[in-house]
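Take a look at the structure below.
The values are calculated or read from the model by the stated rules, or taken from the named source; none is laboratory data. This is a predicted model, so every value here is computed, not measured. Positions of Cβ are backbone-derived with ideal geometry, glycine not excepted, and every protein chain shown enters the neighbour counts. Surface accessibility is based on the protein's heavy atoms, side chains included, excluding ligands, DNA and RNA. Shrake-Rupley method; radii C 1.70, N 1.55, O 1.52, S 1.80 Å.
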Amino acid sequence: NAGVTQTPKFRVLKTGQSMTLLCAQDMNHEYMYWYRQDPGMGLRLIHYSVGEGTTAKGEVPDGYNVSRLKKQNFLLGLESAAPSQTSVYFCASSWVGVSNQPQHFGDGTRLSIL
Amino acid sequence: AQKVTQVQTEISVVEKEDVTLDCVYETRDTTYYLFWYKQPPSGELVFLIRRNSFDEQNEISGRYSWNFQKSTSSFNFTITASQVVDSAVYFCALSDRTQGGSEKLVFGKGMKLTVNP
């Protein structure tokens, strides 16, 4: 079982460039989440989706956009990358909410903005 | 607002020592869920346990045990007879239900455990 797959695993960007991170899950989960992990900050929620075609802002949404056109995919976009967005990005999914089952995480995407 | 505090940022022990990781939370909800995740040096996040607010029974799984106390808003994690493979960053997390009814997690900042041989 693939579970939650994040693409790419590593990326280096220059300031101002744009890119899209892809998260794909094969568990038919309704909920999907994007987090960023920074040293000493834990995981902070960027955006999340409670179903196909829906998105909502998390704790740190500025500078990011997301789309959930298909249930199995959740895309995170950086329109104009900034050095402050250097981080490790994790995608997660769950069947419904966390009250029903824990979130399943991808292996992360390490993104550096120069 | 939901908040999770992991006071310890880093702990170093010698193999076979017992170690307790503290987690204190604040919540506005009467029903909520608490979690522990492990992040080994390889970087992936591994789910360890989920506990709902109605179940205050302690739980033991092998060398791992969890102590949930609503009276002190704590959900502490103890590793007995630690091993080098336990070296990781451990995160405590709390459920957060939005006004719309959707659910997400609020994470603590993590605690790095190093177990030395």
Worksheet entry | One residue from A:Ser99, A:Ser93 being assigned to a strand (DSSP E or B), under 25 Å from B:Asn52 (Cβ atoms) and modelled with pLDDT under 95 | A:Ser93
Worksheet item: Does B:Ser95 satisfy the criteria of being crowded, with 19+ Cβ neighbours inside 10 Å, small (Gly, Ala, Ser) and within 14 Å of chain A (Cβ to nearest Cβ)?
Response: yes
Discussion item. Give all pairs with beta carbons closer than 7 Å in which a residue from the range A:62-74 that is closer than 14 Å to A:Asp26 by Cα meets a residue that is open to solvent by 40 Å² or more (accessible area, probe 1.4 Å) and part of a strand (DSSP E or B); count only pairs at least 6 apart in sequence or on separate chains.
Written reply: A:Asn73/A:Leu22
Fill in: Top-ranked residue of the range B:83-92 - restricted to ones that are within 16 Å of the chain's Cα centre (by Cα) and more than 8 Å from chain A (Cβ to nearest Cβ), ranked as most open to solvent (accessible area, probe 1.4 Å)
B:Val89
Worksheet item: B:Lys70: among the basic types (Lys, Arg), under 16 Å from B:Gln39 (Cα atoms) and either open to solvent by 40 Å² or more (accessible area, probe 1.4 Å) or facing chain A (nearest Cβ under 10 Å) (or both), yes or no?
Response: no
Response to the item:
Taking the range A:39-67 and keeping only residues that are assigned to a loop (DSSP other than H, G, I, E, B) and either open to solvent by 30 Å² or more (accessible area, probe 1.4 Å) or of a type in the set (Lys, Arg) (or both), one is left with A:Pro39, A:Gly40, A:Met41, A:Val50, A:Glu52, A:Gly53, A:Thr54, A:Thr55, A:Glu59, A:Val60, A:Asp62, A:Gly63
Worksheet item: Going by the structure shown, is B:Lys38 of a type in the set (Lys, Arg) and surrounded by fewer than 16 Cβ atoms within 10 Å (Cβ to Cβ)?
Response: no
Item to complete: Filter the range B:11-23 down to residues that are part of a strand (DSSP E or B) and within 14 Å of chain A (Cβ to nearest Cβ), then give me how many there are.
Response: 1
Discussion item. Out of the residues in the range A:25-64 meeting the condition of being away from chain B (no Cβ under 13 Å) and either of a type in the set (Ser, Thr, Tyr) or closer than 25 Å to B:Pro41 by Cβ (or both), tell me which one is farthest from the chain's Cα centre (by Cα).
Written reply: A:Gln25
